[in-house]
1. Mind listing just one residue for me: the one in region 187-209 that is hydroxyl-bearing (Ser, Thr, Tyr), surrounded by 15 or more Cβ atoms within 10 Å (Cβ to Cβ) and away from the ligand (no atom under 13 Å from the Cβ) and, of those, farthest from the chain's Cα centre (by Cα)?
2. Whether any residue in region 251-259 is touching a Pro at 6+ places or on another chain (Cβ under 7 Å), surrounded by 18 or more Cβ atoms within 10 Å (Cβ to Cβ), in a helix (DSSP H, G or I) and at pLDDT 95 or above is what I want to check.
3. Please determine, by comparing only the residues of region 21-39 that are within 12 Å of the ligand (Cβ to nearest atom) and free of Cβ contacts under 8 Å to residues at least 60 places away in the same chain, which one is surrounded by the fewest Cβ atoms within 10 Å (Cβ to Cβ).
4. Residue by residue through region 106-156, note down the ones that are of a type in the set (S, T, N, Q), closer than 27 Å to ALA193 by Cα, free of Cβ contacts under 8 Å to residues at least 60 places away in the same chain and within 14 Å of the ligand (Cβ to nearest atom).
5. On the given criteria, is MET224 within 14 Å of the ligand (Cβ to nearest atom) and free of Cβ contacts under 8 Å to residues at least 24 places away in the same chain?
6. Does LEU92 satisfy the criteria of being surrounded by fewer than 23 Cβ atoms within 10 Å (Cβ to Cβ), at pLDDT 95 or above and touching a helix residue (DSSP H, G or I) at 6+ places or on another chain (Cβ under 7 Å)?
7. Condition check: touching a Lys or Arg at 6+ places or on another chain (Cβ under 8 Å) and more than 14 Å from the ligand (Cβ to nearest atom). Does HIS184 satisfy that?
8. Which residue, of ALA167, ALA174, is part of a helix (DSSP H, G or I), of a type outside the set (Lys, Arg) and modelled with pLDDT of 95 or more?
Amino acid sequence: MSVFQAQKTALITGAASGIGFAAAKLCRSRGMHLALLDIDAVHLRQAQEELATVNPSLKTESYQIDVGDKNQWRKVVDQIKSAFTHVDLVLLNAARQQRAQSQYEGKLKPWADVESWKQTFDTNVFGTLNGVEAVLPLLLSSTTSKSIVITGSKQGITNPPGASTPAYNASKAAIKNLTEHLAHDLRSDPATAHISTHLFIPGWTWTGFMGNVGPTHEDTVTKMSGAWYPSQAAEVLVDGVEKGSFYIFCPDGDTDWALDQARMQWANDDMIEGRPAISRWETSWKERADEGIRADAVRRRT
Ligand SMILES: NC(=O)c1ccc[n+]([C@@H]2O[C@H](COP(=O)([O-])OP(=O)(O)OC[C@H]3O[C@@H](n4cnc5c(N)ncnc54)[C@H](O)[C@@H]3O)[C@@H](O)[C@H]2O)c1
């Protein structure tokens with residue numbers, strides 16, 4: 001049975017902006033109560049105020065939290081337990097993508113800055129693990145259908161190079177790994193089999209990562225044509241959970257499912273075929289990679 005139903009409760013991290021806010025809006029349109037979590041107090045308050053007006057008879061609570069801090073999770077979960085009778089959907093979605101410090105230029109590439117890896121992992125990986133640990137007891141309180149959705153990224157699968165991306169890619173690869181294990185464990189134990197687990201993998205979405213920060217209105221936002229609006233991604237998320245998919249891939253205006261499949265196939269084949277690492281971006285391989293991926297995508301579409 002779908003968790004996206006009237007009087008169910010959604011707990012969403014990163015709810016003050018982008019995909020998290022869009023998901024909260026969609027949950028509210030289904031008549032759900034909302035527990036909104038984010039580190040950004042100003043935008044969190046705005047998000048809460050806006051969503052509360054949509055249906056004031058439903059609960060809309062907000063909690064400022066740094067998801068990387070275990071102690072803050074403990075306090076917030078206690079508050080959520082007092083405010084809500086049950087939690088049905090948990091969307092662990094908060095993440096950061098930051099530029100590495102430039103002083104490392106010259107010695108190591110800027111992306112190798114250790115501090116920036118630690119900060120990225122604190123939020124994206126340990127923030128998610130803290131969330132899983134803190135919310136699982138809430139989902140065990142009854143055996144009605146519950147869902148945990150964790151937001152990953154295609155960058156955690158295809159691993160594109162770039163000045164600020166390796167730490168982010170690695171954090172999202174870890175997210176894929178941990179969500180797969182979580183799904184395996186929860187479905188294997190009768191005591192937790194009522195909890196479905198999903199890895200949500202957005203495409204290029206016009207959010208705070210692109211400067212569209214906070215609970216913005218899409219009709220006032222100017223975006224690049226290939227990017228999707230957060231509301232489009234949120235619809236794919238809900239559809240994927242309702243279909244029972246574990247991997248919920250989201251396309252965008254530039255990338256359809258066939259192209260995603262071909263890119264993932266190419267990345268895996270680097271290992272199987274003994275090609276250079278991330279050959280798609282290697283000068284001597286780039287042309288062959290582009291052509292191979294294009295042809296594979298065409299074949300998959302027919
Ligand atoms: N936008 C894209 O193209 C894209 C693509 C793939 C994956 N994603 C993933 O989607 C998710 C949502 O990101 P978005 O694109 O909506 O960006 P966003 O910046 O609009 O939203 C991220 C939210 O997370 C919050 N946050 C960051 N650090 C936090 C912390 N330590 N504690 C609590 N909250 C924190 C931010 O304040 C922000 O409100 C992320 O997991 C991101 O990695 C985004």
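The values are calculated or read from the model by the stated rules, or taken from the named source; none is laboratory data. Just so it is clear, the model here is predicted, and its values are computed rather than measured. For neighbour counting, all protein chains shown are included, and Cβ atoms are generated from backbone atoms with ideal geometry for every residue, glycine included.
1. Within region 187-209, the subset hydroxyl-bearing (Ser, Thr, Tyr) is 188, 192, 196-197, 205, 207.
If we keep only those that are surrounded by 15 or more Cβ atoms within 10 Å (Cβ to Cβ) too, we end up with 192, 196-197, 205, 207.
Now narrow it down to the ones that are away from the ligand (no atom under 13 Å from the Cβ): 192, 196-197.
Working: THR192: 22, SER196: 16, THR197: 13 Å.
Looking at residues that are hydroxyl-bearing (Ser, Thr, Tyr), surrounded by 15 or more Cβ atoms within 10 Å (Cβ to Cβ) and away from the ligand (no atom under 13 Å from the Cβ), I get THR192.
2. Filtering region 251-259 down to residues touching a Pro at 6+ places or on another chain (Cβ under 7 Å) leaves 257.
Filter once more, so that each one left must be surrounded by 18 or more Cβ atoms within 10 Å (Cβ to Cβ): none.
No, the conditions are met nowhere in region 251-259.
3. Of region 21-39, the ones within 12 Å of the ligand (Cβ to nearest atom) are 21-24, 36-39.
Still in the list and also free of Cβ contacts under 8 Å to residues at least 60 places away in the same chain: 24, 36-39.
Details: ALA24: 29, LEU36: 26, LEU37: 27, ASP38: 29, ILE39: 20.
In this case the residue turns out to be ILE39.
4. Going through region 106-156, the residues of a type in the set (S, T, N, Q) turn out to be 116, 119-120, 123-124, 128, 130, 141-145, 147, 151, 153, 155.
Next cut, closer than 27 Å to ALA193 by Cα only: 124, 128, 130, 141-145, 147, 151, 153.
If we keep only those that are free of Cβ contacts under 8 Å to residues at least 60 places away in the same chain too, we end up with 124, 141-143, 153.
If the condition is that a residue be of a type in the set (S, T, N, Q), closer than 27 Å to ALA193 by Cα, free of Cβ contacts under 8 Å to residues at least 60 places away in the same chain and within 14 Å of the ligand (Cβ to nearest atom), then ASN124, SER153 are the ones that fit.
5. It is true that MET224 is within 14 Å of the ligand (Cβ to nearest atom) and free of Cβ contacts under 8 Å to residues at least 24 places away in the same chain.
6. Details: surrounded by fewer than 23 Cβ atoms within 10 Å (Cβ to Cβ): no; at pLDDT 95 or above: yes; touching a helix residue (DSSP H, G or I) at 6+ places or on another chain (Cβ under 7 Å): yes.
So LEU92 fails the test.
7. Values: touching a Lys or Arg at 6+ places or on another chain (Cβ under 8 Å): no; more than 14 Å from the ligand (Cβ to nearest atom): yes.
Judged against the criteria, HIS184 is not a match.
8. Working: ALA167 fails: modelled with pLDDT of 95 or more.
Result of the check over ALA167, ALA174: ALA174.
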